[in-house]
1. Kirkwood hydrodynamic radius, the chain, all distinct C-alpha pairs: what's the number in Å?
2. Can you tell me the FRET efficiency between residue 50 and residue 161 if r is taken as the Cβ-Cβ distance and R0 is 30 Å, rounded to the nearest 0.05?
3. Packing-wise, with mean Cβ within 10 Å as the measure, how do 106-119, 64-77 rank, highest first?
4. Can you give the relative contact order of the chain as a percent, counting alpha carbon pairs under 8 Å and 6+ residues apart?
5. Any idea how far apart residue 150 and residue 183 come out in nm if each label point goes 7 Å out from Cα toward Cβ?
6. Over all directions, average the projected area of the Cα convex hull of the range 55-125 and note it in nm².
7. If the viscosity is 0.692 mPa s and the temperature 37 °C, what Stokes-Einstein diffusion coefficient in µm²/s follows for the range 3-105 when Rh is the Kirkwood radius over Cα pairs?
8. So how far apart, in nm, are the two label points at residue 7 and residue 32 if each is 7 Å from Cα heading toward Cβ?
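All of the numbers you see were taken from the coordinates with simple rules; none came from a lab. Keep in mind it's a predicted model, so treat the numbers as computed, not measured. All Cβ positions, glycine included, derive from the backbone under ideal geometry; neighbour counts span all protein chains shown.
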């Protein structure tokens, strides 16, 4: 438990991923209906896939061409202004990238920085490797909890035995609200806490719904 009595939840995201965005919106709903408090961390699809680009579909490779910029901006914001700015910046970026369909343009990044009261000059870090060491460390912290064959998001919570329970996902659309958000949270923790449990999956038949 954290000092305020709430269960700490660590959430690793790449702002470019629409499915991580859906899960993050669900996680904000969970905060309303369960005694949890989310801490936001960066992971990187660019880092995850940098050694296997030739194995990826062409469309996904195109997506990854824009993957370095947003995570570099977020990690720069964290390093220069503290971890408390990450969640709000992610919301501002994701709303523009996904809900508004603007994509990871410089204009969208600048607008997001302005909205949360951060210096717009942070957008310049999209093209700099200044904090790539910190970015890779944050990515490694998250991905090491679940293994290399998953993506974003990664969620970790304290287990009953003191060890963390960590998992990829859940992948869901639209983001459940209210009691549905609570039911998904409770069920996800239930199955993830079983030793030796690894996967539930079915073919996605719908695109992310950002309503």
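1. On the way: mean 1/r = 0.0566 Å⁻¹.
Every distinct Cα pair counted, the radius reaches 17.7 Å.
2. On the way: r = 35 Å, r/R0 = 1.16.
Result of the calculation: an efficiency of 0.30.
3. Details: 106-119: 17.4, 64-77: 22.7.
Sorting 106-119, 64-77 by mean packing, highest first, produces 64-77, 106-119.
4. 30 percent.
5. 2.3
6. Working: hull surface 20.0 nm².
Computing the convex hull of the Cα atoms and averaging its projections yields 5.0 nm².
7. Values: Rh = 14.7 Å.
Rounded to a whole number, D works out at 224 µm²/s.
8. My value for the distance between the label points is 1.9 nm.
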